[in-house]
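One structure is given below, encoded as structure tokens.
The values are calculated or read from the model by the stated rules, or taken from the named source; none is laboratory data. Remember, predicted model here, so these are calculated numbers, not experimental data. Using ideal geometry, Cβ is built from the backbone for each residue, glycine included, and neighbour counts are taken over all protein chains shown. Keep in mind that these areas ignore ligands, DNA and RNA; they rest on the heavy atoms of the full protein, side chains included. Shrake-Rupley method; radii C 1.70, N 1.55, O 1.52, S 1.80 Å.
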Amino acid sequence: MRDPVFFDLTELRSFVHPHAMNQRALLTVAGRDRPGIVARTTQVLFETGCNIADSSMTQLGGAFTVMLVLHLPPALSCAALAARLQPLVDAMRLTVHVHPLEGDMAANSSANRAQKATLSLLGADQPGIVFRTTQLLAEMGCNITDLYTRVLGSAERPVYSMVIEVESSDSSELPPELHPRLAQLEKQLNVEINLRIADSSLM
Amino acid sequence: MAILEILTYPEPRLRAQAEPVDRFDRPELQQRVDDLLQTMAALPACVGVAAPQVGYPYRLLVIQCQNSRKPPLEHPGLLVVGNPEILSWSGTEVGREGCLSLPDYTGNVLRAQTIQVAFQDRDGQPRQLTLQGFAARVMQHEIDHLNGTLFTDRIVSRKTDLFPRKQRQ
Ligand SMILES: [Zn+2]
């Protein structure tokens, strides 16, 4: 149920013209992990009439981090949304930021034809693993769409694990030099790198 | 012969349990097999279609791994599969899947690496095959369609990718 307080006339217009809901914002929330962060954040979004487009919410160490792309209703500014989140920020000691986003999401149209691959890396922890791997990908003109890392193993012998979702920068294939270049890096860093080209088959 | 329309989610027929094929000598069934084959051939990079995906509620599917953009070195060729039963599973493997019925969406799914499957061919003759890797994955995906299951029901956490794990048993 929506809170009737928020049914003012300007907002009602968004029901007549649903496409009027086009202002986008990036909302980030972080804080010490505890039950209820997601539920209480999304409750505010629901009550204020925000639509959640893309989202990433994950536990990192002892913190919980939330990143959301929102479609705001016309009557709601980023500042007003931040104000609505303030009680939650105080109660759960969260860090919240609402940032307006320019443009629309149409830039994704070529992404569907891009060749995609998953790169996984495993090896002894050492400085520069993320930097050197992502630098190589940047040199090869590959886009990173997702990256996540975790330190595994014991405190004495930490093992670094990284998974990167990669795609070609346009509708072409990933560069053929990518495999040999990664093999070189594998030797230099003394880690295992595995590149799995995503099969684009449909079934 | 006809190229059939693929049903897409949230079409409720994709969630139904399909009926066994009782007779293979009916012209209507043979016509449906031809339609499935023609539909699969007409769609780019389509490696398999299950009958429920075209609104035909029977335990029937077609597979052709050769249609993949990078076909596996070994695969069983063109298969017409009626009333499939998986007899045994071994090993597991995570791989990315895309489904005709869930356009523009792919996800990582855990499947058995090797399966032994019994089925009837388009003449109703009993057959048995051992499938590995990609062919085993496609067969498991298509059999899921006969049971109203979509790959999104089997998506694995992306965090499982971070843990070193043997790919084969
Ligand atoms: Zn499918």
Inset, instruction - Name the single residue, out of those in the range B:86-103 being within 14 Å of another protein chain (Cβ to nearest Cβ) and away from the ligand (no atom under 16 Å from the Cβ), that is least open to solvent (accessible area, probe 1.4 Å). - result: B:Val94
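Filter the range A:180-195 down to the residues that are within 14 Å of chain B (Cβ to nearest Cβ) and at pLDDT 95 or above, then identify the one that is farthest from B:Arg69 (Cα to Cα). Don't jump to the end; show me each part of the working.
Within the range A:180-195, the first condition is being within 14 Å of chain B (Cβ to nearest Cβ), and the residues that meet it are A:191-195.
Checking which are at pLDDT 95 or above leaves us with A:191-193.
Working: A:Val191: 30, A:Glu192: 27, A:Ile193: 24 Å.
Looking at residues that are within 14 Å of chain B (Cβ to nearest Cβ) and at pLDDT 95 or above, I get A:Val191.
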Inset, instruction - Consider only pairs whose beta carbons are under 6 Å apart and that are at least six residues apart or on different chains; among these, list those whose first residue lies in the range B:74-86 and is within 12 Å of B:Val138 (Cα to Cα) and whose second residue is small (Gly, Ala, Ser). - result: B:His75/B:Ala135; B:Pro76/B:Ala135
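Which one is least open to solvent (accessible area, probe 1.4 Å) among residues in the range B:104-142 that are more than 14 Å from chain A (Cβ to nearest Cβ) and charged (D, E, K, R)? Walk me through how you get there before you give the answer.
Residues of the range B:104-142 more than 14 Å from chain A (Cβ to nearest Cβ): B:110, B:112-130, B:132.
Narrowing further to those that are charged (D, E, K, R): B:121-123, B:127.
Values: B:Asp121: 30, B:Arg122: 61, B:Asp123: 111, B:Arg127: 102 Å².
Going through the qualifying residues, I end up with B:Asp121.
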Inset, instruction - Keeping to the range B:74-85, report how many residues are part of a loop (DSSP other than H, G, I, E, B) and either among the aliphatic types (A, V, I, L, M) or within 13 Å of chain A (Cβ to nearest Cβ) (or both). - result: 2
Inset, instruction - Given the conditions (1) in contact (Cβ under 8 Å) with a residue 60 or more places away in the chain; (2) within 14 Å of another protein chain (Cβ to nearest Cβ); (3) of a type outside the set (D, E, K, R), report the number of the one that A:His99 does not fulfil. - result: (2)
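With the condition kept exactly as written, say whether any residue in the range B:130-137 is within 13 Å of the ligand (Cβ to nearest atom) and at pLDDT 95 or above.
First, pick out the residues of the range B:130-137 that are within 13 Å of the ligand (Cβ to nearest atom): B:137.
From the residues that got through so far, the ones that are at pLDDT 95 or above too are B:137.
Yes, there is a match, as at least one residue in the range B:130-137 is within 13 Å of the ligand (Cβ to nearest atom) and at pLDDT 95 or above.
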Inset, instruction - Kindly indicate which of B:Leu60, B:Leu36 is over 19 Å from B:Thr8 (Cβ atoms) and either within 14 Å of the ligand (Cβ to nearest atom) or hydrophobic (A, V, I, L, M, F, W, C) (or both). - result: B:Leu60
Legend entry - Leading residue by the ranking (nearest to the chain's Cα centre (by Cα)) among those in the range A:56-98 that are surrounded by fewer than 13 Cβ atoms within 10 Å (Cβ to Cβ) and of a type in the set (D, E, K, R): A:Arg93
Inset, instruction - Search the range A:132-156 for residues that are assigned by TED's automatic domain parsing to the domain that holds A:Leu121 and among the small types (Gly, Ala, Ser) and pair each with any residue that is open to solvent by less than 70 Å² (accessible area, probe 1.4 Å) and at pLDDT 95 or above when their beta-carbon atoms are under 7 Å apart and the residues are at least 6 apart or on different chains. - result: none
Legend entry - In the range B:36-73, the residues that are farther than 18 Å from B:Phe134 by Cα, among the small types (Gly, Ala, Ser) and touching a residue at least 60 places away in the same chain (Cβ under 8 Å): B:Ala51
Legend entry - In the range A:39-55, the residues that are loosely packed, with under 14 Cβ neighbours inside 10 Å and in a helix (DSSP H, G or I): A:Ala39, A:Gln43
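Taking the condition of being among the β-branched types (Val, Ile, Thr) and either open to solvent by 50 Å² or more (accessible area, probe 1.4 Å) or more than 14 Å from chain A (Cβ to nearest Cβ) (or both), how many residues in the range B:25-73 meet it?
Applying the first criterion (among the β-branched types (Val, Ile, Thr)) to the range B:25-73 yields B:33, B:39, B:47, B:49, B:54, B:62-63.
From what is left, the residues that are either open to solvent by 50 Å² or more (accessible area, probe 1.4 Å) or more than 14 Å from chain A (Cβ to nearest Cβ) (or both) are B:33.
Looking only at that region, the number is 1.
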Inset, instruction - Pairs only if they're at least six apart or on different chains, beta carbon under 7 angstrom, first in the range B:146-159 and away from chain A (no Cβ under 12 Å) and among the small types (Gly, Ala, Ser), second near the ligand (Cβ under 10 Å from one of its atoms) and in a helix (DSSP H, G or I); list them, first residue then second. - result: B:Gly148/B:Leu14
